[in-house]
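A.B. asks: Let me begin by handing over the structure; questions about it come next.
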Amino acid sequence: MNTEVKIAGVTFKNPVMTASGTFGSGMEYSDFVDLNRLGAVVTKGVANVPWEGNPTPRVAEVYGGMLNAIGLQNPGIDVFMERDLAFLQKYDTNVIVNVCGKTVEDYLEVVERLSDTAVSMLEINVSCPNVKEGAIVFGQKADSLYDITSQIKRKAKQPVIMKLSPNVTDITEMARAAEAAGADALSMINTITGMKIDIHRKKFVLANKTGGMSGPAVKPVAVRMVYQTAQAVKIPIIGMGGIGSAEDAIEFLLAGASAVAVGAMNFVNPYTTVEVVEGIEAYMKQYGIENVTELIGAVT
Amino acid sequence: MAQKRKVTATVISQKQIAEQIYDLWLETKLAKDVRPGQFVGVYPHGESMLLPRPISICETDKEKNRLRLVYRVAGKGTAEFSACKAGDRLDILGVLGNGFPVDRAKGKRVFLMGGGIGIPPMLELAKAMDGKKQILLGYRNKELFLEEDLAEYGDVYVATEDGSVGTKGNVMDIINAYSLQADVIMACGPMPMLRAIKKYAAQNGIEAYISLEERMACGVGACLGCVCRTTKTDAHSHVNNARICTEGPVFEAGEVDI
Ligand SMILES: Cc1cc2nc3c(=O)[nH]c(=O)nc-3n(C[C@H](O)[C@H](O)[C@H](O)COP(=O)(O)O)c2cc1C
């Protein structure tokens with residue numbers, strides 16, 4: 001049985017990763033999970049300089065999911081490289097660094113700083129709904145997305161994953177723009193913009209008013225978007241949105257994802273990632289599947 | 001620090017001890033790892049409710065692997081917990097947070113100050129602490145709880161907002177009413193109370209440790225949901241926003257901008 005997948009020339013021991021922002025830099029979950037068991041650890045978004053993030057409350061539970069408006073708090077690339085990257089390099093797993101910025105130059109600076117490191121891939125977050133400048137703007141207009149993708153591709157030494165926003169009319173249009181600009185892979189979906197109101201206080205629950213929704217409730221939307229996108233582009237897709245079990249992960253693979261990432265469900269069950277790896281193996285055994293790649297896009 | 005785990009705990013007993021306040025004993029191996037001021041995340045059963053509810057640890061019985069949680073019903077999750085009976089199971093994540101620096105109180109005059117649902121962690125703290133313990137408790141009304149348990153470990157003073165028991169007002173009014181003195185303060189309670197304590201401690205040159213609350217998601221420092229403003233750069237993100245679940249919930253009062 002072979003659980004290996006290849007994305008843009010990078011080999012993953014299995015198709016299970018962590019979703020950016022939900023797993024810290026791996027350190028925070030290393031009490032629970034042997035990071036060596038994962039296909040990759042995808043780190044929290046990092047910018048060229050430290051970001052404070054949004055005021056609190058930043059998180060709220062909603063039916064079958066949660067809202068977050070962290071606002072990309074991060075220590076900046078210096079501390080990240082010294083501490084988080086150094087930590088992750090002790091493990092036998094791919095490291096994918098999620099990059100955020102307010103301007104194209106911000107992104108390019110981080111991409112350049114990472115060029116001589118052992119990082120396997122870069123995931124470019126152009127889809128965070130919780131910061132006002134940059135970020136989301138690049139991910140909601142096809143021409144801006146094309147522009148930033150091609151600029152990053154020119155600088156990047158590692159393969160580039162563009163992380164797409166579901167908060168668009170037609171996600172395939174965005175996917176095509178990223179592909180045309182040279183993106184090596186896509187990851188999707190980032191969170192769906194939502195809102196929660198406290199009726200007793202007549203106030204927004206989140207200080208930011210809106211937040212990004214994730215968790216099991218968004219899964220059908222994510223599966224549909226992965227399927228549509230897989231029909232529209234040739235580059236590989238990393239699928240995420242509400243994955244909490246191997247069954248969920250396999251849906252994404254069948255819809256056309258080459259790999260999957262576990263996000264908010266880490267908070268519910270910190271062992272989810274490894275349980276998904278084991279569950280995919282059990283499923284392959286049950287159906288006599290030799291290569292996990294046979295599952296990719298196999299829905300009919 | 002002990003390894004964090006998610007485990008299934010068994011309910012030993014539960015009773016209501018005041019309006020909306022429940023007293024729950026659980027059996028779990030996590031009890032052994034607990035330091036005063038730490039908390040656990042308790043998971044509701046329903047799949048519609050995902051996130052662990054942070055609940056401070058009131059007391060432990062380490063020999064019997066038991067852990068006591070005293071909590072207020074504040075929403076659907078805690079309402080579900082309040083219906084648990086002996087033999088029921090609850091998934092918990094722990095042990096979380098840093099806890100109080102108990103040793104700072106050794107041989108000193110201490111105020112242990114608890115307001116409302118901030119009172120429970122004072123019990124494990126009082127049990128572990130070696131010092132002159134003056135325990136100042138603030139309640140809304142005559143629905144007191146844990147004051148008898150706490151009286152075993154120090155001198156208890158009560159204040160109620162409506163004046164029905166003890167000093168009328170809050171824990172700060174107790175200090176004035178009895179002209180109490182302390183070298184160290186350890187406190188947990190609502191934000192206005194913690195602000196008043198921070199100010200009082202600064203004015204009187206007293207060392208103070210306060211336990212903060214915020215909406216949390218992961219509980220283990222990964223999501224950066226539950227931060228508080230700090231006066232110096234924080235250890236994790238270097239941006240004056242420390243994670244209450246990890247660097248906290250207990251902070252030296254001067255460290256936080258509240
Ligand atoms: C608390 C939190 C923080 C997140 N931070 C980031 C981030 O820094 N960068 C990013 O690209 N996506 C971030 N995301 C989005 C997730 O990586 C993922 O795309 C989304 O949550 C959907 O997956 P899920 O339903 O499994 O959580 C964050 C999500 C959550 C819940």
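No lab work stands behind these numbers, since they all come straight from the coordinates. Since this is a predicted model, take the numbers as computed values, not measurements. Positions of Cβ are generated from backbone atoms using ideal geometry, with glycine treated the same way; all protein chains shown enter the neighbour counts.
A.B. asks: First select every other residue whose beta carbon is under 14 angstrom from the beta carbon of residue B:51; then total the charges, Lys and Arg +1, Asp and Glu -1.
C.D. replies: Net charge around residue B:51: +1.
A.B. asks: Under a Cβ-only charge scheme (Lys and Arg +1, Asp and Glu -1), can you give me the dipole magnitude of the stretch B:5-96 about the Cα centre, in debye to the nearest 20?
C.D. replies: 220
A.B. asks: Projecting each Cα onto the charge dipole of the protein assembly as shown (Lys/Arg +1, Asp/Glu -1 at the beta carbon, about the Cα centre), which of B:65, A:94, A:3 comes out farthest on the positive side?
C.D. replies: B:65
A.B. asks: Measuring from centroid to centroid over Cα atoms, what is the spacing of the stretch B:1-53 and the stretch A:211-230 in Å?
C.D. replies: For the stretch B:1-53 versus the stretch A:211-230, the Cα centre distance is 32 Å.
A.B. asks: Taking amide H positions as placed 1.01 Å from N in the peptide plane, with prolines and chain starts having none, which residues 5 or more places from residue A:123, or on another chain, fall under 5 Å of its amide H?
C.D. replies: A:97, A:98, A:99, A:161
A.B. asks: Whole-Hz ³J(HN,Hα) for each residue in the stretch B:7-24, computed from phi via Karplus 6.51 cos²θ - 1.76 cosθ + 1.60 with θ = phi - 60°, x for glycine and proline: what do you get?
C.D. replies: 10, 9, 9, 9, 6, 8, 6, 8, 9, 7, 10, 6, 4, 6, 10, 10, 10, 10
A.B. asks: Could I ask something else about it? What's log10 of I(q)/I(0) for the stretch B:212-258 at q = 0.23, 0.28 Å⁻¹, Debye sum over Cα points only, no solvent?
C.D. replies: Computed log10 I(q)/I(0) values: -0.70, -1.03.
A.B. asks: Sorted from fewest to most neighbouring beta carbons within 10 Å, what does the list A:200, B:45, B:236 look like?
C.D. replies: A:200, B:45, B:236
A.B. asks: Separate question: For the stretch B:201-217, just list the computed ³J(HN,Hα) in residue order, Karplus coefficients 6.51, -1.76 and 1.60, θ = phi - 60°, integers in Hz, with x standing in for Gly and Pro.
C.D. replies: Calculated HN-Hα couplings, in order: 5, 5, 5, 9, x, 9, 6, 9, 10, 10, 9, 9, 10, 7, 4, 10, 10 Hz.
A.B. asks: So, counting K/R as plus one and D/E as minus one, what does the shell of residues with Cβ under 11 Å around residue B:70 add up to?
C.D. replies: Local net charge: -1.
A.B. asks: Here is a further query. Please list 3J(HN,Hα) in residue order for the stretch A:46-53, calculated via the Karplus relation 6.51 cos²θ - 1.76 cosθ + 1.60 where θ = phi - 60°; whole Hz, with x for glycine and proline.
C.D. replies: With the stated coefficients, the stretch A:46-53 comes to 10, 10, 5, 10, x, 10, 6, x Hz.
A.B. asks: Under a Cβ-Cβ cut-off of 15 Å, what is the net charge of the residues other than residue A:39 that fall near it, where Lys and Arg count +1 and Asp and Glu count -1?
C.D. replies: Computed value for this residue: -4.
A.B. asks: Just to confirm the filter: which GluC sites (Glu not before Pro) across the stretch A:261-296 are DSSP coil and have at most 12 other Cβ within 10 angstrom of their Cβ?
C.D. replies: A:290
A.B. asks: Ok, one more. Pick from B:57, B:175, B:197: which residue has the top mean-square fluctuation in a GNM of chain B where Cα pairs under 10 Å get a spring?
C.D. replies: Looking only at B:57, B:175, B:197, the biggest GNM fluctuation is shown by B:175.
A.B. asks: Follow-up question, since we're still on this one. Give a quick list of trypsin sites (Lys or Arg not before Pro) in the stretch B:87-116 that DSSP marks as loop, anything other than H, G, I, E or B, with at most 11 other Cβ atoms within 10 Å.
C.D. replies: B:106
A.B. asks: Can you compute the charge dipole magnitude of the protein assembly as shown about its Cα centre, using +1 on each Lys and Arg Cβ and -1 on each Asp and Glu Cβ, nothing else charged? Give it in debye, rounded to the nearest 20.
C.D. replies: That gives the protein assembly as shown a dipole magnitude of about 640 debye.
A.B. asks: Can you list residues whose amide H is under 5 Å from residue B:161's amide H, if they're 5+ apart or on another chain and H is modeled 1.01 Å from N?
C.D. replies: HN-HN under 5 Å from residue B:161: B:139, B:140, B:141, B:169.
A.B. asks: In addition: Order of A:271, B:157 from fewest to most other C-beta atoms within 10 Å?
C.D. replies: A:271, B:157
A.B. asks: On to the next question. Quick one: order B:40, A:62 by neighbouring beta-carbon count within 10 Å, fewest to most.
C.D. replies: A:62, B:40
A.B. asks: Moving on to the next point. Using +1 on the beta carbon of Lys and Arg, -1 on that of Asp and Glu, and nothing else charged, what's the dipole of chain A about the Cα centre, debye to 20?
C.D. replies: It works out to roughly 740 debye.
A.B. asks: So, one more: Among A:180, A:222, A:68, whose Cα lies farthest out toward the positive end of the dipole of chain A, if unit charges sit on the beta carbon of Lys, Arg (+1) and Asp, Glu (-1)?
C.D. replies: The listed residue farthest towards the positive side: A:68.
A.B. asks: Please list the non-local residues whose amide H lies under 5 Å from the amide H of residue B:135, H modeled 1.01 Å from N, same-chain partners needing a gap of 5 or more.
C.D. replies: B:112, B:155, B:156, B:157
A.B. asks: Say the dipole of the stretch B:102-209 comes from +1 at the beta carbon of Lys and Arg and -1 at that of Asp and Glu; which of B:137, B:197, B:165 then lies farthest toward its positive end?
C.D. replies: So the residue furthest toward the plus end is B:197.
A.B. asks: Next up: What percent antiparallel are the DSSP beta bridges of the protein assembly as shown, to the nearest 5?
C.D. replies: Among the beta bridges of the protein assembly as shown, antiparallel pairing accounts for roughly 50 percent.
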